[in-house]
Amino acid sequence: MHCCKILLDRSQNIEEHPCHSFLPVELGTEGTSIRILTCSMKDSNTGYSMIDIKDDRGVLEEGHYPSNGGDCNITRLSSNHYMAMVTNPRCFLSKIINESGCFLVSAEPQTDTLILWTLIGPNSTTLHNLLSRMRESGYSYQMVSSSSVSMSSTLTPRQEECFNMAMDLGYYDVPKRISLEELCKLSGCSKSTLNVTLRSAEKKIFDFYRMFCVSNRFYKV
């Protein structure tokens, strides 16, 4: 697999609207953060996106927010955490992505028109073809990074077995439902061996998460 990050400039495509423009919260509002988690295509020009919203003010209300150009439904997950489902009938980009064989992993608005995208594809050629088609269709972007997804991020069969057992039995629950010593008896290995196996699995999972999620938050325009 191959991953790239681009800074997409949507200011040139005035006939379209980015998904975050349909949210009932303005980008840049103090105490809020907006991150598009994924999107799919409803028809040839309609995008359907899932957007993560953090609002430390706690004033955003869940519900349906219709508008002339799109549609938004917001669900409150916690006191300051929301999930929005946005229908955007003027998004040709959703068609380009869905036909490319690539996936939009996340999109984080930096300004009203600049959006940091993370894309993943089966190989660099497929991603290159997607980006070429975007340029040909009038979309401007700046390449931020491009790299292969290391096979080291894949868990070994033993790491996967131990990690799944630990998850299922509540080792990672708060509070823990099972201790490391109890897991050792079930897995048939020593405490030190199981500890190393779990920590190795955890590092691969954390590295994978940071590659696609956390790193976006530290990019500054």
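What to note about this one:
- Neighbourhood charge, 14 Å Cβ-Cβ cut-off, centred on Cys189 and excluding it, Lys, Arg +1 and Asp, Glu -1: +1
- Rg(Cα) / (2.2 N^0.38 Å) computed for the chain, rounded to two decimals: 1.20
- Computed FRET value (nearest 0.05) for Leu27 with Arg199, which takes r as the C-beta separation and R₀ as 30 Å: 0.20
- Between helix 124-136 and the chain: long-axis angle, C-alpha atoms, 0 to 90°, nearest 10: 20
- With at most 14 neighbouring Cβ atoms within 10 Å, loop chymotrypsin sites (Phe, Trp or Tyr not before Pro) (DSSP) excluded, longest segment of the chain: 1-171
- Angle in degrees between helix 191-212 and the longest Cα principal axis of the chain, rounded to the nearest 10: 10
- Hydrodynamic radius (Kirkwood) for the range 32-105, which is based on Cα pairs only, to one decimal in Å: 13.0
- At full extension, Arg90 and Met1 could sit 29.1 nm farther apart than now, given 0.36 nm per residue minus the alpha carbon distance.
- Annotation for the range 34-89: trypsin sites (Lys or Arg not before Pro) lying in DSSP loop with at most 14 further Cβ atoms inside 10 Å of their Cβ are Arg57.
- For Trp117, the shell of other residues with beta-carbons less than 13 Å away shows a net charge of +1, using +1 for Lys and Arg and -1 for Asp and Glu.
- At R0 = 30 Å, FRET efficiency that the Cβ-Cβ distance of Ile178 and Phe206 yields, to 0.05: 0.90
- Selected from Ser124, Ser137, Ser192 as most flexible by GNM, with the chain as the system and alpha-carbon contacts under 10 Å: Ser192
- By the rule of a C-alpha distance below 24 Å, with chain neighbours fewer than 8 residues away ignored, the lysines paired with Lys5 are Lys54, Lys95, Lys203, Lys204, Lys220.
- For the chain, a crude dipole built from +1 on the beta carbon of Lys and Arg and -1 on the beta carbon of Asp and Glu, taken about the Cα centre, is about 680 debye to the nearest 20.
- Within the range 124-194, the trypsin sites (Lys or Arg not before Pro) that combine a DSSP coil assignment with at most 12 other C-beta atoms in a 10 angstrom radius are Arg177.
- Accessible-area value, Ile205, 1.4 Å probe, nucleic acids and ligands omitted, Å²: 60
- Computed FRET value (nearest 0.05) for Ser67 with Gln12, which takes r as the C-beta separation and R₀ as 35 Å: 0.95
The values are calculated or read from the model by the stated rules, or taken from the named source; none is laboratory data. Note that the structure is a prediction, hence the values are computed from the model and not measured. Here Cβ is always computed from backbone atoms with ideal geometry, including for glycine, and neighbour counts include all displayed protein chains. For accessibility, only protein heavy atoms count, side chains too; no ligands or nucleic acids. Shrake-Rupley method; radii C 1.70, N 1.55, O 1.52, S 1.80 Å.
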